[in-house]
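Everything on this sheet refers to the single structure shown next.
The values are calculated or read from the model by the stated rules, or taken from the named source; none is laboratory data. Bear in mind the structure is a predicted one, so any value in this text is a computation, not a measurement. Ideal geometry is used to build each Cβ from the backbone, glycine not excepted, and the neighbour counts take in all protein chains shown.
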Amino acid sequence: MRTELSFATLAGIETELLAVLATDTQTAKGPDAKPAPLLLTNDKAVQAAAAAVLASGEYKAGANETLLLHAPAGLKAKRLLIVGVGKQAKVTVHSVRNAAGTATRFAKPRAIRELTFALPVADSLPIGPSMRAAVEGAFVGDFDPDTYRSDRKDLSVRSFTVAAGAGADKSAVEVAFGEGVIVGESQNFTRSLVNEPGNKLTPTIFGQRAAAMAQEAGLACEVYSTEKLHELKMGAFWSVSQGSAEPPALIVMRYEPKGVTDGPVLGLVGKGITFDSGGISLKPGDNMEKMKYDMAGGAAMMGAMRAIALLKPNVRVIGIVCASENMPDGKAQKPGDVQTAMSGKTIEIINTDAEGRLVLADGLSYAKQLGATHLIDAATLTGACVVALGMINAGAFSNDDATFDKFNEALATSGEKFWRLPLGDEYADMIKSDIGDIKNTGGRWGGAITAAEFLKVFAEDTPWIHLDIAGMAWVEESKPYIAKGPSGVAVRSILEWVRSYGK
């Protein structure tokens, strides 16, 4: 998708579709209360073109509610699309992101290939953050998962222009616009990886995709396999891969800004299970095909590393993805086995389907060995987290309040929803093993928390955040602003957390 920036007046822009935002200002209640939509633009011609239909009471400006006008009077645009952002008191820049995605997805099936999005004018919507959010939202909206359909038609919006208005601060707007392009493309890069089936994205190919991205973005990248795992004594990681005919991949990406030789080193560790059958503890057959996205945490780290390389924060970053299949052949690990992790800790395997924490255990240890002073991991780790939080929030855990506070502040920019869940000695007791140091599962109750406690053992005293994105990595039903399928969740939040150390 080609992206452009315009400072022209809206009335004079020639485009197939001009999208403007509207908010619901209605305060009256009762059956006789009439909708009171308000356009978020100062352009008199646009206001005049939409005045009659807005006064009719047909349109409420609810969140992502659309209204299309053909041949709008006084405008050079062929069509005028009004996109609602909901109640005026609740409108944020994240509403703008979703509205831009909604406008993009409105255009796609109607063969509208050129879209101009008018940046909203409102005191609660600062122009820079709104600009970045609008561009990100357009990229998110333009993605569809039908990669392998033989009759696939290219319905992409080919040209997306943001109209900032004649009085906008050009330099500030251009910076925000450029950031939006980088972040939107990086999120879609992650989504494209998560969308790949297991036969098209083996651990080896995952490593190749990482290396190609790194070369393009300017990152250092090494991809290792079985021999390196044995050399590093990564017994936990290797135990997951030993049941597969596909070799594992240990992917290491490095971002080292010029002139930065001290300060923190951030370690980003992602679970990269390219297909998860559950191993000997075999999963039920229903929906097992979705287990291709069990590498969404690793893909999020790749997307974040791409954005980091292009936005260039002044902090050193190491990205590690532990990629493997989890398969049930004659060489697969068995319930009851004891594995020795890179750290030397011994792990009793209770359930071979609790494999993500095993690969992350060695990934966290390796990140520390490479010099990471702060850690963040991301994984589609537990169904228990989905039970706890549904598909509204992803789970977050941390052993350090100051480190988590930075992540929580990052959410104000990313717009993603994470909910912090507790840790504690009582939960840690649930994963103590009679035969080894710890068990790889603490049972049904508090499953997301005991999984985090397992990872905490390997983070040790290093400030650490764990993101359980199991419920948010895949969009089960299409929404007006995003297609059903991979979401690319956590890319924006991880990026902003990293940038908070490099300002």
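With respect to A341, determine if the residue is touching a helix residue (DSSP H, G or I) at 6+ places or on another chain (Cβ under 7 Å), in the same structural domain as A379 (by TED's automatic domain parsing) and under 21 Å from V223 (Cα atoms). Here the answer is no, as A341 does not meet what is asked.
A quick yes/no check of all residues on (1) under 25 Å from the mean Cα position of the chain (by Cα); (2) in the same structural domain as S414 (by TED's automatic domain parsing); (3) crowded, with 24+ Cβ neighbours inside 10 Å:
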{"site": "A61", "(1), (2), (3)": "no, no, yes"}
{"site": "L68", "(1), (2), (3)": "no, no, no"}
{"site": "P72", "(1), (2), (3)": "no, no, no"}
{"site": "H94", "(1), (2), (3)": "yes, no, no"}
{"site": "R97", "(1), (2), (3)": "yes, no, yes"}
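Residues in the range 35-49 that are crowded, with 22+ Cβ neighbours inside 10 Å and farther than 23 Å from V93 by Cβ: A49 only.
Taken over the range 260-284, residues that are out of contact with any helix residue (DSSP H, G or I) (no Cβ under 6 Å at 6 or more places or on another chain), part of a loop (DSSP other than H, G, I, E, B) and under 30 Å from L495 (Cβ atoms) amount to 4.
Report, by residue number, each residue of the range 278-298 that is surrounded by 22 or more Cβ atoms within 10 Å (Cβ to Cβ) and of a type outside the set (D, E, K, R). Those that are surrounded by 22 or more Cβ atoms within 10 Å (Cβ to Cβ) and of a type outside the set (D, E, K, R): G279, Y293, M295, A296, G297, G298.
Let's see how each residue does on (1) crowded, with 16+ Cβ neighbours inside 10 Å; (2) at pLDDT 95 or above; (3) part of a loop (DSSP other than H, G, I, E, B):
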position	(1), (2), (3)
S171	no, no, no
V175	no, yes, no
I182	yes, yes, no
Q187	yes, yes, no
T190	yes, yes, no
A210	yes, yes, no
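A count restricted to the range 116-156 and to residues that are within 22 Å of V194 (Cα to Cα) and touching a residue at least 60 places away in the same chain (Cβ under 8 Å) stands at 12. Answer yes or no: is there a residue in the range 192-206 that is in the same structural domain as T274 (by TED's automatic domain parsing), surrounded by fewer than 20 Cβ atoms within 10 Å (Cβ to Cβ) and assigned to a helix (DSSP H, G or I). Yes, because at least one residue in the range 192-206 is in the same structural domain as T274 (by TED's automatic domain parsing), surrounded by fewer than 20 Cβ atoms within 10 Å (Cβ to Cβ) and assigned to a helix (DSSP H, G or I).
Counting the residues of the range 17-34 that are under 14 Å from A63 (Cα atoms), touching a strand residue (DSSP E or B) at 6+ places or on another chain (Cβ under 7 Å) and surrounded by fewer than 23 Cβ atoms within 10 Å (Cβ to Cβ) gives 1.
Could you check, for the range 141-151, whether at least one of its residues is outside the structural domain of A89 (by TED's automatic domain parsing) and either part of a loop (DSSP other than H, G, I, E, B) or closer than 25 Å to V93 by Cα (or both)? For the range 141-151, residues outside the structural domain of A89 (by TED's automatic domain parsing) and either part of a loop (DSSP other than H, G, I, E, B) or closer than 25 Å to V93 by Cα (or both): absent. Would you confirm whether any residue within the range 299-309 is surrounded by fewer than 22 Cβ atoms within 10 Å (Cβ to Cβ) and at pLDDT 95 or above? Looking for residues that are surrounded by fewer than 22 Cβ atoms within 10 Å (Cβ to Cβ) and at pLDDT 95 or above, one finds none in the range 299-309, hence no. For a quick check of your reading of the model, give me the residue pairs whose first member lies in the range 15-43 and is assigned by TED's automatic domain parsing to the domain that holds L125, whose second is polar (S, T, N, Q) and assigned to a loop (DSSP other than H, G, I, E, B), with beta-carbon atoms closer than 7 Å and at least 6 apart or on different chains. Hits for this filter: V20/T41; A33/Q26; P35/Q26; A36/T25; A36/Q26; L38/T25; D43/T9. Look through the range 310-361, keep the residues that are among the β-branched types (V, I, T) and under 30 Å from the mean Cα position of the chain (by Cα), and return whichever of them is surrounded by the fewest Cβ atoms within 10 Å (Cβ to Cβ). So the residue we want is V315.
Within the range 233-252, residues that are closer than 24 Å to A300 by Cα and in the same structural domain as V457 (by TED's automatic domain parsing) reach partners that are part of a loop (DSSP other than H, G, I, E, B) and charged (D, E, K, R) with beta carbons closer than 7 Å, at six or more positions or on different chains, in the pairs V240/E355.
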